[in-house]
Amino acid sequence: MNGSIELIADASFGVKVKPGDHVEQGQQLAAKCGSQEPLTSPTAGTVQDVTFDSDGHRFIITIMI
Amino acid sequence: MRTGLVATSTITHATPASFGSHVESRSMEAKIAEHLLANKVNVMFGGGKAFWTPQSTQDSLRKDDIDLLVQAGKQGYATVDDGRQLTTVEGPYVLGLFQQKALTTVSPEPTLAELTYHAIRLLNERSKRSFESNRGFFLMVEGSQIDWACHANDVHDCIKQTLLFDEAVKVAVDFAARDENTLIIITADHETGGLIIKGDDVNKTGHINWATGGHSAMPVPVYAYGPHSKIFTGVYDNTEIPQKLARLLKIKPFPRKLEK
């Protein structure tokens, strides 16, 4: 399958990946919004972009799959 | 005691929200706006008009038909949305929302220093005139976008936003120096980005590194000026700051138990 997915992470805890990184399914990427629970990748792919959304105080992680 | 909130974020963003609302999540900005109004914060300056207008209004971020600007007017608030109105507005309750979302922090929008100046003007004058005189005021001013610049690891914006905050600090300290009866506390709730400057040439941005895009565990400074400033010296948990302020303001008990 080709395409991309966007994942939303809490900005407080940063992001463990950067654009260009390959990620595996289940790999921890960051923390879920409003909690310290790990945000994991639902699929394998390549991180295309990590952008900070100031309005929501969150990171948007785009993964190409 | 009169109260005020000033921020370069939406006035319903997490920091100003924590001073005048109580909700489950920082994302509930429409509900936070209702709380700020219900709690009768005397002066509110910032962005986020979109959370105060009904969903039928262009750019609204509400999902209901509540018009908080109309409600604010009924509650006695004067509302302003540009720098010209800001310089002349008067009244015990003033709501200034200068953008639909966060402030741009560029001209012609009023600067954080100007917002701080007029917030102090309004709060101080009304305190002096008020029948319940000499009860003073509490004002929280946030340079909201320092954190944002550091999350984005943008050193140029980090410096710009810090300098804008520094100008606001000067306005507050100048007032306190004249007034001689005002305590100023300058601090942060956390550091963001873990900024480090490597080597001896700070003019080269290549010598600047960031440890993270998130918040760090770095201790933050607390600067205090004015009466009782000495109780803010030392190393302590940040939860002690509101406790120290509550003691000075003779607020008991603190923290209060939530009403059910």
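The values are calculated or read from the model by the stated rules, or taken from the named source; none is laboratory data. Just so it is clear, the model here is predicted, and its values are computed rather than measured. Don't worry about glycine lacking a Cβ; one is built from the backbone with ideal geometry, like all the others, and counts go over all protein chains shown. Surface areas here come from the heavy atoms of the whole protein model, side chains and all, with no ligands, DNA or RNA. Shrake-Rupley method; radii C 1.70, N 1.55, O 1.52, S 1.80 Å.
Here is how the numbers come out for the structure above:
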quantity	calculated
Cα convex hull of the range B:1-98, projected area averaged across orientations, nm²	6.0 nm²
Under 13 Å, Cβ to Cβ, from B:Ile241 - net charge with Lys/Arg +1 and Asp/Glu -1	-1
Accessible area of chain B belonging to carbon and sulfur atoms, whole % at 1.4 Å probe	53 percent
Surrounding net charge for B:Asp64, when Lys and Arg each add one and Asp and Glu each subtract one, Cβ distance under 14 Å	-1
Options B:Val80, B:Cys150, B:Gln100, ranked by Cα towards positive dipole end of the range B:67-158, top entry (Cβ charges)	B:Val80
Top of B:Arg26, B:Arg62, B:Arg178 by mean-square fluctuation, Gaussian network on chain B, Cα under 10 Å	B:Arg178
At least 50 Å² accessible surface lost relative to isolated chain, residues of the range B:147-170 (1.4 Å probe)	B:Trp148, B:His151
Euclidean distance between Cα centres, chain A to the range B:36-83, Å	34 Å
Dipole magnitude of the protein assembly as shown about its Cα centre (Cβ charges: Lys, Arg +1; Asp, Glu -1), debye to nearest 20	1300 debye
Value in Å of the Kirkwood radius, where the protein assembly as shown supplies the Cα pairs that are averaged	21.5 Å
Share antiparallel - DSSP beta bridges, the protein assembly as shown, percent rounded to 5	60 percent
A:Glu37/B:Asp189 FRET efficiency (R0 25 Å; Cβ-Cβ; nearest 0.05)	0.70
Point-to-point label distance, B:Glu24-B:Ser107, nm (Cα→Cβ direction, 7 Å offset)	4.7 nm
Per residue, the convex hull volume that the Cα atoms of chain B enclose (Å³)	161 Å³
Candidate lysines for bridging to B:Lys74, where Cα separation is under 22 Å - those fewer than 8 sequence places away on the same chain excluded	B:Lys31, B:Lys40, B:Lys49, B:Lys63
In the range B:50-144, chymotrypsin sites (Phe, Trp or Tyr not before Pro) in a DSSP loop with at most 13 other beta-carbon atoms within 10 Å	B:Phe131
Accessible-area ranking of B:Lys198, B:Lys74, largest first, probe 1.4 Å	B:Lys74, B:Lys198
Relative contact order of chain B, defined on C-alpha pairs under 8 angstrom at six or more residues apart (%)	16 percent
Convex hull per residue volume in Å³, alpha carbons only, for the range B:168-240	140 Å³
Solvent exposure ordering (accessible area, 1.4 Å, most first) of B:Tyr225, B:Tyr236	B:Tyr225, B:Tyr236
